[in-house]
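Undergrad: Could you have a look at this structure, given as structure tokens, before my questions?
The values are calculated or read from the model by the stated rules, or taken from the named source; none is laboratory data. These figures come from a predicted structure and were not determined experimentally. We place every Cβ from the backbone using ideal geometry, glycine too, and count neighbours over all the protein chains shown.
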Amino acid sequence: MKSTAAVLWEVGKDWSIEEIEVGDPQRHEVLVELRAAGLCHSDEHIVTGDTLVELPVIGGHEGSGVVLAVGDGVERVAPGDHVAFSFIPSCGRCRWCVSGHSNLCDLGAHLLGGGSIADGTYRTTVGGQPVARFCQVGAFSRHTCVHEASVVKVDADLPMGVVALVSCGVVTGWGSAVNTAEVAAGETVVVIGCGGIGSNAIQGAKAAGARHVIAVDPVELKLEAARRFGATHTAGSIDEARGLVRELTHGDMADAAILTTGVAEGHLISPAVGLIGKTGILVVTAIGPMLETHVELSLAELTLFQKQIRGSIFGGANPKVAIPQLLALYRDGLVDLDSLITKTYGLEEINQGYQDMRDGRNIRGVVVFD
Ligand SMILES: NC(=O)c1ccc[n+]([C@@H]2O[C@H](COP(=O)([O-])OP(=O)(O)OC[C@H]3O[C@@H](n4cnc5c(N)ncnc54)[C@H](O)[C@@H]3O)[C@@H](O)[C@H]2O)c1
Ligand SMILES: [Zn+2]
Ligand SMILES: [Zn+2]
């Protein structure tokens with residue numbers, strides 16, 4: 001079928017709106033009509049070349065839609081079902097899936113390439129040329145044909161903008177605090193970078209019972225939102241936060257810091273580690289340039305104070321557990337997902353949406369498909 005998508009042809013270029021051809025769902029595949037897609041910073045990383053993917057590529061990995069058709073052997077969803085995409089496909093069978101780490105499923109090996117998970121062939125073409133889909137999803141598209149491992153069924157009465165955000169940003173931020181930082185009642189947590197991911201790390205830390213949640217961001221609009229999401233204190237920079245954390249903890253420093261800046265930069269690690277105290281955990285959720293290996297860090301500080309640095313992908317969460325769970329918390333009013341959506345855009349306005357993200361205007365911009 002013919003459809004429309006935002007395609008990246010070259011690093012450093014704008015998203016280009018193109019007519020595409022989407023193939024029929026093959027065995028274990030699902031054809032989805034998109035309803036909403038979040039403008040996550042991870043797609044910006046493929047534009048800047050921080051994350052190296054096969055080009056051309058249809059962007060988008062944070063999205064929601066309705067199943068139009070399924071191929072043979074599909075058991076997880078049926079036509080008419082509402083789904084959230086899972087930007088990490090989970091097979092349910094590999095070592096990582098069966099040990100409760102579906103966010104590290106071996107199917108993740110397909111994320112940056114173009115050939116489909118099912119058989120390595122392409123399901124989408126532009127002008128007759130095969131085109132990859134970011135994270136095997138390609139949510140910046142009116143239609144996409146994905147493996148059933150990339151979708152999670154959700155309740156049909158939930159707002160699809162919110163469902164889209166839960167497919168990446170919400171679980172990633174929330175889980176970075178709850179799972180990876182293992183925030184416990186009474187702790188002090190610093191969230192560095194309060195965009196789409198950081199806002200949810202704040203909510204996760206708060207729900208886990210943190211006493212102090214210090215939000216750090218240079219943009220005042222983000223700090224205002226952070227206070228609404230549950231931050232108890234705010235600071236414009238890591239330097240500014242240091243004195244505040246010292247004062248609040250009587251010199252013990254924070255139990256956890258969560259790095260959710262737009263880009264994970266090596267020079268941020270030493271100051272971020274300086275915010276945590278003995279046995280403290282720094283969670284690195286932000287994504288850095290793939291080829292960059294330089295990190296500033298005092299190894300003595302790690303050893304002598306038993307500090308830890310932990311990576312976190314999809315908030316250390318299992319998509320099939322966490323997506324319905326966060327949506328249930330939303331339904332019960334225990335997490336605020338509506339306020340994450342600052343502005344909505346048509347697919348044709350996607351470059352404006354990303355400019356607004358760069359300019360610090362949005363917590364999350366969302367593409368809404370009519
Ligand atoms: N690990 C994962 O599974 C995963 C999933 C999704 C996104 N991400 C990554 O998380 C990061 C955040 O994504 P996002 O969509 O929230 O981005 P965003 O652009 O919405 O938010 C980033 C925020 O960081 C702030 N910031 C920039 N530099 C800062 C600094 N030095 N100190 C404090 N704040 C600073 C910005 O003002 C902005 O508010 C990105 O790197 C993204 O790729 C990781
Ligand atoms: Zn994302
Ligand atoms: Zn698996």
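Undergrad: It is to be established whether one or more residues within segment 120-136 are within 16 Å of ligand 2 (Cβ to nearest atom), among the basic types (Lys, Arg) and in contact (Cβ under 8 Å) with a residue 12 or more places away in the chain.
TA: Yes, because at least one residue in segment 120-136 is within 16 Å of ligand 2 (Cβ to nearest atom), among the basic types (Lys, Arg) and in contact (Cβ under 8 Å) with a residue 12 or more places away in the chain.
Undergrad: Would you be able to tell me the number of residues in segment 139-172 that are within 16 Å of ligand 3 (Cβ to nearest atom) and in contact with a strand residue (DSSP E or B) (Cβ under 9 Å, 6 or more places away or on another chain)? Give the steps one after another, and end with the answer.
TA: Start the filter on segment 139-172 by keeping residues that are within 16 Å of ligand 3 (Cβ to nearest atom), which leaves 146-152.
Cutting the leftovers down to in contact with a strand residue (DSSP E or B) (Cβ under 9 Å, 6 or more places away or on another chain) gives us 146-148, 150-152.
Final tally of qualifying residues: 6.
Undergrad: Residues in segment 10-18: is at least one assigned to a strand (DSSP E or B) and crowded, with 16+ Cβ neighbours inside 10 Å?
TA: Here is the first cut: in segment 10-18, the residues assigned to a strand (DSSP E or B) are 16-18.
With the extra rule that they be crowded, with 16+ Cβ neighbours inside 10 Å, the set shrinks to 17-18.
Yes, the conditions are met somewhere in segment 10-18.
Undergrad: Here is a follow-up. Residues to consider are THR144, THR188, THR172; find the one that is under 24 Å from ILE238 (Cα atoms), touching a residue at least 60 places away in the same chain (Cβ under 8 Å), crowded, with 23+ Cβ neighbours inside 10 Å and within 20 Å of the chain's Cα centre (by Cα). Quick ask: steps written out before the conclusion?
TA: Working: THR144 fails: under 24 Å from ILE238 (Cα atoms); THR188 fails: within 20 Å of the chain's Cα centre (by Cα).
Just one listed residue meets the conditions, THR172.
Undergrad: Name the helices (runs of 4 or more DSSP H) wholly inside segment 293-370 in which the number of residues that are in contact with a helix residue (DSSP H, G or I) (Cβ under 9 Å, 6 or more places away or on another chain) is 3 or more.
TA: 319-331, 350-358
Undergrad: For segment 15-38, does any single residue satisfy the condition of being at pLDDT 95 or above, more than 25 Å from VAL263 (Cα to Cα), within 16 Å of ligand 3 (Cβ to nearest atom) and not assigned by TED's automatic domain parsing to the domain that holds GLY198?
TA: First, the residues of segment 15-38 that are at pLDDT 95 or above: 15-38.
Then keep just the ones that are more than 25 Å from VAL263 (Cα to Cα); that gives 17-35.
After this cut, where a residue has to be within 16 Å of ligand 3 (Cβ to nearest atom) as well, the list is 28.
Restricting the remaining residues to those that are not assigned by TED's automatic domain parsing to the domain that holds GLY198 gives 28.
Yes, segment 15-38 contains a residue that is at pLDDT 95 or above, more than 25 Å from VAL263 (Cα to Cα), within 16 Å of ligand 3 (Cβ to nearest atom) and not assigned by TED's automatic domain parsing to the domain that holds GLY198.
Undergrad: Taking only segment 42-67 into account, find how many residues are assigned to a strand (DSSP E or B) and under 25 Å from GLY353 (Cβ atoms). Steps first, please.
TA: Of all residues in segment 42-67, those assigned to a strand (DSSP E or B) come to 57-58, 63-67.
This time we only want the ones that are under 25 Å from GLY353 (Cβ atoms), so: 57-58, 63-66.
The number of residues fulfilling the criteria is 6.
Undergrad: Can you tell me which of (1) within 16 Å of ligand 2 (Cβ to nearest atom); (2) surrounded by fewer than 20 Cβ atoms within 10 Å (Cβ to Cβ) is the one HIS45 doesn't meet?
TA: (2)
Undergrad: Here is a follow-up. Read through the list (1) under 20 Å from ILE202 (Cβ atoms); (2) free of Cβ contacts under 8 Å to residues at least 40 places away in the same chain, then give the number of the only condition that VAL263 fails.
TA: Going through (1) under 20 Å from ILE202 (Cβ atoms); (2) free of Cβ contacts under 8 Å to residues at least 40 places away in the same chain one by one, VAL263 breaks only (2).
Undergrad: Kindly indicate whether VAL245 is β-branched (Val, Ile, Thr), part of a helix (DSSP H, G or I) and farther than 11 Å from VAL191 by Cβ. Steps first, please.
TA: Numbers: β-branched (Val, Ile, Thr): yes; part of a helix (DSSP H, G or I): yes; farther than 11 Å from VAL191 by Cβ: yes.
Taking the combined requirement at face value, the residue satisfies it.
Undergrad: Follow-up. Need the failing condition index for ILE214 against (1) crowded, with 20+ Cβ neighbours inside 10 Å; (2) in a strand (DSSP E or B); (3) assigned by TED's automatic domain parsing to the domain that holds GLY360, just the number.
TA: Among (1) crowded, with 20+ Cβ neighbours inside 10 Å; (2) in a strand (DSSP E or B); (3) assigned by TED's automatic domain parsing to the domain that holds GLY360, the lone unmet condition for ILE214 is (3).
Undergrad: Here are some residues: ARG93, ARG76. Which one is basic (Lys, Arg) and either modelled with pLDDT of 95 or more or touching a His at 6+ places or on another chain (Cβ under 7 Å) (or both)? Show your work before the answer.
TA: Values: ARG76 fails: either modelled with pLDDT of 95 or more or touching a His at 6+ places or on another chain (Cβ under 7 Å) (or both).
After ruling out the rest, the residue left standing is ARG93.
To keep it simple, each residue is scored yes or no on (1) closer than 17 Å to PHE85 by Cα; (2) touching a helix residue (DSSP H, G or I) at 6+ places or on another chain (Cβ under 6 Å); (3) more than 13 Å from ligand 2 (Cβ to nearest atom).
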| site | (1), (2), (3) |
| --- | --- |
| ASP155 | yes, no, yes |
| LEU165 | yes, yes, no |
| GLY169 | yes, yes, no |
| ALA181 | no, no, yes |
| GLU187 | no, no, yes |
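Undergrad: What are the residue pairs meeting all of these: first residue in segment 19-40, first residue within 16 Å of GLY161 (Cβ to Cβ) and in contact (Cβ under 8 Å) with a residue 12 or more places away in the chain, second residue away from ligand 3 (no atom under 16 Å from the Cβ) and acidic (Asp, Glu), Cβ atoms under 6 Å, and 6 or more apart or on different chains?
TA: Here the result reads GLY38/GLU62; CYS40/GLU62, each pair linking segment 19-40 to a residue that is away from ligand 3 (no atom under 16 Å from the Cβ) and acidic (Asp, Glu).
Undergrad: Look through segment 248-287, keep the residues that are among the hydroxyl-bearing types (Ser, Thr, Tyr) and within 16 Å of ligand 2 (Cβ to nearest atom), and return whichever of them is farthest from the chain's Cα centre (by Cα). Give the steps one after another, and end with the answer.
TA: From segment 248-287, those among the hydroxyl-bearing types (Ser, Thr, Tyr) are 249, 260-261, 270, 279, 285; that's our starting set.
Now restrict to residues that are within 16 Å of ligand 2 (Cβ to nearest atom): 260-261, 285.
Working: THR260: 10, THR261: 12, THR285: 9 Å.
The residue in question is THR261.
Undergrad: Filter segment 84-138 for residues that are more than 13 Å from ligand 3 (Cβ to nearest atom) and among the charged types (D, E, K, R); which is surrounded by the most Cβ atoms within 10 Å (Cβ to Cβ)?
TA: Top of the filtered list is ARG133.
Undergrad: Restrict the check to segment 114-134 and report whether at least one residue is within 16 Å of ligand 1 (Cβ to nearest atom), modelled with pLDDT under 95 and in contact with a Ser or Thr (Cβ under 8 Å, 6 or more places away or on another chain). Let's see the steps before the verdict.
TA: So the first thing to find is which residues in segment 114-134 are within 16 Å of ligand 1 (Cβ to nearest atom), and the list is 134.
The next check asks that each one be modelled with pLDDT under 95; those that pass are none.
No, every residue in segment 114-134 fails to be within 16 Å of ligand 1 (Cβ to nearest atom), modelled with pLDDT under 95 and in contact with a Ser or Thr (Cβ under 8 Å, 6 or more places away or on another chain).
Undergrad: Can you name the condition, by its number, that SER64 falls short on among (1) more than 17 Å from VAL368 (Cα to Cα); (2) in contact with a strand residue (DSSP E or B) (Cβ under 9 Å, 6 or more places away or on another chain)?
TA: Condition (1) is where SER64 drops out.
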